[in-house]
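The structure appears right after this line, and notes come after that.
The values are calculated or read from the model by the stated rules, or taken from the named source; none is laboratory data. In this text the structure is predicted, and so the values were computed from the model without any measurement. Cβ placement follows ideal geometry from the backbone for every residue including glycine, while neighbour counts extend to all protein chains displayed. Surface areas here come from the heavy atoms of the whole protein model, side chains and all, with no ligands, DNA or RNA. Shrake-Rupley method; radii C 1.70, N 1.55, O 1.52, S 1.80 Å.
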Amino acid sequence: MNLNDFSVSHTEGKARAGLLKTSRGYVETPVFMPVGTAATVKAMTPESLKTIGSQILLCNTYHLMIRPGEKVVNHLGGLNKFMNWSGPILTDSGGFQVMSLSKLRQLDENGVTFRSHIDGKKFLLSPEGSIRIQETLQSTIIMSFDECMPFPVEKKLAEKSMKLSSRWAERSKVSFTGANGSMLFGIQQGGMFKDLREQSALCLNNIGFDGYAIGGLAVGEPQEKMFGVLNYSTDFFPKDRPRYLMGVGKPSDIVGAVLRGIDMFDCVIPTRSGRNGQAFVQDGIINLKNAKHKFDEKPIDKNCSCYCCSNYSRGYLSHLVRCNEILGSMLLTLHNLYFYTNLMKKIRELIQRGDFTAFAKNFAT
Ligand SMILES: [Zn+2]
């Protein structure tokens, strides 16, 4: 298998189990990428991430270009050395955060001018700039620069934006050098409109990318709408390339998206929920802030073999959470990421056995 190659080993309907070979090692898919916004997965050490089976992380270009700046990261040996993580790292293009976090942004054909949400400093992010920053960070998987539209959006606007993103995808590809053995993924846009999604994908396919992401979903639309778009949008991409659904999601979103042909995911839900005192279990979410757990000797999940569930009671965790103790965030984040990592492992095994569709039908978390 060549570097930066992807192979599908098993399929069940549209669901796929496969292997992605990056310059930083193999990734078994479907995979969930924990979010390490500022070159750290909050409340987790890289050692704990390895222990629970995380294979690949996501870092945010917008945050890192503002603080500490890509040149600092490069000077300190690139993202992997900087944060002491030897596995693959995917960086987003910064486009989504510019839209959601920055102030006084101005968008034109060239790119987006914006002021940092930290200190008001002015930046320009263009397709060329985003690729250069991601290459300077020494990311393993680089995302092309796009515009992400909110939900709902009318068709005319979605079409105009998708065409701009297509031109930006072309410019991203042209400026990508492939230094450090990186891969480049394109991002499909087009809102909730089938013909626009198809046009966007055709354009990306013509440019040619190492992988294809579906953008513009998980922006506040109901799950049925998202599944509606996924029902057709993965079909427009080549079968031999990985497909990445950006910013998704809840466990049931992930299961439903795998069923529709997605291979890669990222989301802040498991980490953010952990810091908010919430723990994922088979049939939903437990809120440890709740006083009913005060005297509870049981672990979060008796069937979970993570470090948290092997050693701590709900009563103790509830105490930590209600006192805002840092260890509470650490233990719950670890459990939640373990839950997600194990869910993905189970999904891969089920696809390999041909039992995934039946599992997905009854999955409700
Ligand atoms: Zn656990």
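For this structure, a couple of remarks:
- Binned Cα-Cα distances of the range 151-248, short to long, each 5 Å bin given as a whole percent: 2, 14, 25, 25, 19, 9, 4, 2, 0
- Rough spin-label spacing in nm, given labels placed 7 Å along Cα→Cβ, for residue 40 and residue 153: 3.4
- For the range 269-355, the solvent-accessible area works out to 52 Å² per residue, with a probe of 1.4 Å and every protein chain left in place.
- Descending Cα extents along the principal axes, the range 105-205, whole Å: 36, 34, 19
- The 3J(HN,Hα) values that the Karplus relation (6.51, -1.76, 1.60; θ = phi - 60°) gives for the range 290-296 are, in residue order, 5, 5, 5, 8, 3, 9, 7 Hz. Gly and Pro appear as x.
- Within the accessible area of the range 128-219 (1.4 Å probe), percent carbon and sulfur: 54
- Pairs of Lys residues in the range 269-355 are counted when their Cα atoms are under 25 angstrom apart and they lie 8 or more places apart or on different chains; the count is 7.
- Loop-resident sites, the range 280-318, for trypsin sites (Lys or Arg not before Pro), counting at most 13 other Cβ within 10 Å (DSSP): 289, 294, 302
- Taking a sphere under 12 Å around the Cβ of residue 362 and counting the other residues whose Cβ falls inside, with K and R at +1 and D and E at -1, yields a net charge of -1.
- Directionally averaged projected area (convex hull, Cα atoms, the range 269-355), nm²: 5.5
- Globularity index of the range 207-365, i.e. its alpha-carbon radius of gyration over 2.2 N^0.38 Å: 1.16
- Counting DSSP beta bridges with both ends in the chain, the antiparallel % (nearest 5): 50
- Near residue 266, the amide H atoms lying under 5 Å from its own belong to 33, 247, 248; only residues 5 or more places off or on other chains count, and H is placed 1.01 Å from N.
- Relative packing of peptides 211-220, 188-197, 36-45 - highest average C-beta neighbours within 10 Å first: 211-220, 188-197, 36-45
- Calculated over the chain: convex hull of Cα atoms, volume per residue (Å³): 134
- Translational diffusion coefficient (Stokes-Einstein; Kirkwood radius from C-alpha pairs) of the range 13-60 at 4 °C, 1.567 mPa s, in µm²/s: 109
- Solvent exposure of the range 62-199 as accessible area per residue, Å², 1.4 Å probe: 44
- Rounded tilt (10° steps) of 127-137 against the dominant C-alpha axis of the chain: 50
- The range 141-180: C-alpha gyration tensor shape, a/c 1.5 cut-off, then a/b vs b/c: oblate
- Cα-centred dipole magnitude for the range 269-355, charges only on beta-carbon of K, R (+1) and D, E (-1), debye, nearest 20: 140
- Computed over all pairs of different Cα atoms, the Kirkwood value for the hydrodynamic radius of the range 80-152 is 13.3 Å.
- Loop trypsin sites (Lys or Arg not before Pro), the range 87-150, which have at most 10 other Cβ atoms in a 10 Å radius of their Cβ (DSSP): 121
- The range 352-357 - phi-based ³J(HN,Hα) in whole Hz, Karplus 6.51/-1.76/1.60, Gly and Pro as x: 4, 8, x, 10, 6, 4
- Lone cysteines, the chain (no partner Cβ under 4.7 Å): 59, 148, 203, 267, 306, 308, 323
- Unit Cα scatterers, Debye sum, the range 318-365: log10 I(q)/I(0) for q = 0.31 Å⁻¹: -1.06
- For residue 207, solvent-accessible area (1.4 Å; no DNA, RNA or ligand), Å²: 30
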